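Some notes on the structure that comes next.
The values are calculated or read from the model by the stated rules, or taken from the named source; none is laboratory data. As the structure is a computational prediction, the values presented were derived from the model and not from experiment. Note that each Cβ is placed from the backbone with ideal geometry, even for glycine, and that neighbours are counted across all protein chains shown. Accessible surface areas use protein heavy atoms only, side chains included; no ligands, DNA or RNA. Shrake-Rupley method; radii C 1.70, N 1.55, O 1.52, S 1.80 Å.
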Amino acid sequence: MLASLERYSDSVFRTLCYNHGADLTFTEMAHVESFLKKNKGSLAKVAVKDSTPVQIQLLSSNESKLDRFLTGFKPFEGFQGFNLNLSCPSKDVIRQGKGAAMVKRAAKTSRLVSLIRDHGYPVSVKLRLGLNSFEKKNKLYLNNLGGVDPDFFVVHAKHAAQSSAEPEDDSVYPECVEAARGIPVIANGGIDSSDRVQSLMEMGVGGVMMGRPALGYAGVFDLFKNELGFNDPPKPLPDATSMKQHYDEIYEQIGGDDKYRDRFHRVVDRKKPSY
Ligand SMILES: Cc1cc2nc3c(=O)[nH]c(=O)nc-3n(C[C@H](O)[C@H](O)[C@H](O)COP(=O)(O)O)c2cc1C
């Protein structure tokens with residue numbers, strides 16, 4: 001799966017990754033309140049311009065606002081449900097009781113998940129290992145995995161006080177898988193080789209999600225699938241530079257945003273993936 005990437009994962013980038021092996025993609029996060037206010041920026045952030053499979057990522061901690069939003073929501077081709085963000089580490093978001101602040105609120109998360117289900121939509125939950133090392137140590141995230149029933153969980157194996165440079169703690173996955181009672185757990189964070197995917201699968205995870213690796217090389221999904229034997233026959237792997245051309249073709253076809261294209265081109269030029 002392609003991870004939500006604010007300022008990068010627009011419709012064009014999502015389709016690029018889908019064309020190169022990502023089975024499911026996610027929009028950038030957006031506050032339910034901003035949809036209710038019909039905030040143009042937020043609506044543009046989640047704009048969907050083709051039928052690439054996508055879940056819309058929501059920041060929410062309020063049932064009645066979520067209910068109002070869902071009542072007015074119209075599904076579209078490619079729509080695969082909603083993803084609740086319990087992972088955002090931004091201080092502003094946490095102050096509002098959203099993002100990673102929700103990890104310890106299993107009962108509240110459960111009510112939000114049920115509400116989305118009651119409206120007839122699939123729902124997943126993306127969570128971190130809590131707000132800080134204290135919450136991680138006390139394994140509060142296991143209450144969420146054990147007490148909420150989404151279609152799948154995505155676990156970003158870090159707490160919210162850790163920097164992006166710190167390594168993820170893959171050792172948590174076996175316990176997460178057990179706590180989730182058969183609901184698939186998708187692993188996320190720093191997954192940079194098919195060997196790592198293999199070892200995560202041996203821990204029982206149902207799949208993996210990648211963000212930054214896909215920015216450097218959008219073909220990383222097919223690359224790992226080829227290496228693990230999931231693509232039969234193996235798919236061709238264009239080089240990182242020609243991904244810019246593929247991006248531009250989709251951009252022309254479905255209509256992209258210059259700012260997103262410029263950022264994507266810059267990141268491809270800067271990153272030198274070792275694949
Ligand atoms: C530029 C950037 C923007 C991000 N935006 C979001 C977001 O909108 N929602 C979210 O859940 N996570 C967001 N994340 C976190 C990623 O989805 C992912 O969990 C994290 O980068 C770890 O995965 P990776 O090592 O494969 O990149 C963002 C990360 C980056 C680097």
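Per-structure values
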read-out: Failed criterion for Tyr247 (all others in (1) within 23 Å of the chain's Cα centre (by Cα); (2) open to solvent by 40 Å² or more (accessible area, probe 1.4 Å); (3) within 29 Å of Leu200 (Cβ to Cβ); (4) not hydrophobic (A, V, I, L, M, F, W, C) hold); value: (2)
read-out: Pairs, first over 14 Å from Val208 (Cβ atoms) in the stretch 218-239, second not in a loop (DSSP other than H, G, I, E, B), C-beta under 6 Å, six or more apart; value: Ala218/Leu16; Ala218/Cys17; Ala218/Met243; Asn231/Lys225; Pro234/Asn226; Lys235/Asp222; Leu237/Leu223
read-out: Selection count where residues are under 24 Å from Lys259 (Cα atoms) and either open to solvent by less than 20 Å² (accessible area, probe 1.4 Å) or in contact with a strand residue (DSSP E or B) (Cβ under 7 Å, 6 or more places away or on another chain) (or both), scope the stretch 37-66; value: 12
read-out: In the stretch 163-182, residue farthest from the ligand (Cβ to nearest atom) [restricted to those that are open to solvent by less than 60 Å² (accessible area, probe 1.4 Å) and among the small types (Gly, Ala, Ser)]; value: Ala179
read-out: Selected residue (criterion: surrounded by the most Cβ atoms within 10 Å (Cβ to Cβ)) from residues of the stretch 8-36 that are within 10 Å of the ligand (Cβ to nearest atom) and over 15 Å from Gly216 (Cα atoms); value: Phe26
read-out: Residue in the stretch 120-141 that is surrounded by the most Cβ atoms within 10 Å (Cβ to Cβ), counting only those that are assigned to a strand (DSSP E or B) and among the aliphatic types (A, V, I, L, M); value: Val125
read-out: Output for the stretch 46-60, where each listed residue is within 15 Å of the ligand (Cβ to nearest atom) and modelled with pLDDT of 95 or more; value: Val54, Gln55, Ile56, Gln57, Leu58, Leu59, Ser60
read-out: Positions within the stretch 228-242 being assigned to a helix (DSSP H, G or I) and modelled with pLDDT under 95, in sequence order; value: Ser242
read-out: Unique match (being part of a helix (DSSP H, G or I), within 16 Å of the ligand (Cβ to nearest atom), crowded, with 23+ Cβ neighbours inside 10 Å and under 16 Å from the mean Cα position of the chain (by Cα)) among Ala160, Ala100; value: Ala100
read-out: Any hit, the stretch 187-207, residues being part of a loop (DSSP other than H, G, I, E, B), modelled with pLDDT of 95 or more, small (Gly, Ala, Ser) and open to solvent by less than 30 Å² (accessible area, probe 1.4 Å); value: yes
read-out: Matching residues, the stretch 183-233, being more than 14 Å from the ligand (Cβ to nearest atom) and on the phi > 0 side of the Ramachandran plot; value: Gly204, Gly229
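This table checks each residue for (1) farther than 21 Å from Ala3 by Cβ; (2) modelled with pLDDT of 95 or more; (3) more than 13 Å from the ligand (Cβ to nearest atom).
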| residue | (1), (2), (3) |
| --- | --- |
| Asn39 | yes, no, yes |
| Ala44 | no, no, yes |
| Phe69 | yes, yes, yes |
| Asn85 | no, yes, no |
